[in-house]
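A.B. asks: This is the structure I want to talk about, given as structure tokens.
The values are calculated or read from the model by the stated rules, or taken from the named source; none is laboratory data. Given the structure is predicted, the values throughout are model-derived calculations rather than measurements. Note that each Cβ is placed from the backbone with ideal geometry, even for glycine, and that neighbours are counted across all protein chains shown.
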Amino acid sequence: MVMATLVAAALAAAGATPVTVEIVASGHVDTPASAYRVSGSLLACGATQGEADRLLAQKTAAIDQSVAALGAKKAQGAEKPSLTGMVASFMATRTASECNSDMTALLALPGAGKSPAKTSDATDGPKLGANASLSFDAPDRATAARVIAALKAADAKPSDAVIPVLVDDTAARRAAKQQALVKARTEADAYAAPLALGRVTLAAISERQDIGSVDYLGLMLRSFGLPMTTATDMVATDVTLTVTFRLEPR
């Protein structure tokens, strides 16, 4: 009890000098998804690069038309980083190497195993490929499932993971910032009370975060971890602010 009284007296004495305190605070908001994102990739093979490119353009146009008929549209805005999204994107990638994946067919070509003869006919050689990433936003999960089926039917490679997204996260980010500011002010008041500094003034706000900070690492872990825990229709928005206050005597 005596020690606590001495500490309180020391803090009160120090409180005569104004101080500046910098507080890192986070806000977290869960918002219903405005769309459900389906990603994938498309591959076209041709005897020449020009042929592959033309075939890819034709396939892409046909897919865009069929997906639009289902009630989905091309994706808008950036997808929130998540482990689910990264894995889905990787698994749905198609590369030009698939154009020549049937090595048996290549070896069966006339003259296989012999030195290739010079010829202007490019159709007997290895095929060239052209690929493109696909990303569509569906209004609900049922439509997203139909989009996945349509992509498979069109020889595209979709991801089976449907990612809930916010096409416009402005309102969610502002709500999270407001929450962070309230937390920061509460902490500033907690600093001011034992120092007998009753005047708390907001001095600065920064959205910049140091990559090595504990709070930044926590935010990244939440971003990459939460989407793996459960299939949810909510989109998490996390914002971290660094808020500076001036603490002064009244």
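A.B. asks: Sort out for me the helices (runs of 4 or more DSSP H) sitting completely within segment 1-105 that have 3 or more residues that are modelled with pLDDT under 90 and hydrophobic (A, V, I, L, M, F, W, C).
C.D. replies: On the way: elements: 2-14, 49-69, 83-91.
Hits in segment 1-105: 2-14, 83-91.
A.B. asks: Are any residues in segment 146-190 of a type in the set (A, V, I, L, M, F, W, C), closer than 27 Å to Gly40 by Cα and surrounded by fewer than 16 Cβ atoms within 10 Å (Cβ to Cβ), and if so, which ones? Step through it out loud before you land on a result.
C.D. replies: Going residue by residue through segment 146-190, those that are of a type in the set (A, V, I, L, M, F, W, C) are 147-151, 153-154, 156, 161-163, 165-167, 171-172, 175-176, 180-182, 184, 188, 190.
Now narrow it down to the ones that are closer than 27 Å to Gly40 by Cα: 147-151, 153-154, 156, 161-163, 165-167.
The answer is Ala149, Ala153, Val167.
Residues checked against (1) at pLDDT 90 or above; (2) in the same structural domain as Lys74 (by TED's automatic domain parsing); (3) touching a Pro at 6+ places or on another chain (Cβ under 8 Å):
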position	(1), (2), (3)
Lys114	no, no, no
Pro139	yes, yes, no
Val182	yes, no, no
Arg208	no, no, no
Ile211	no, no, no
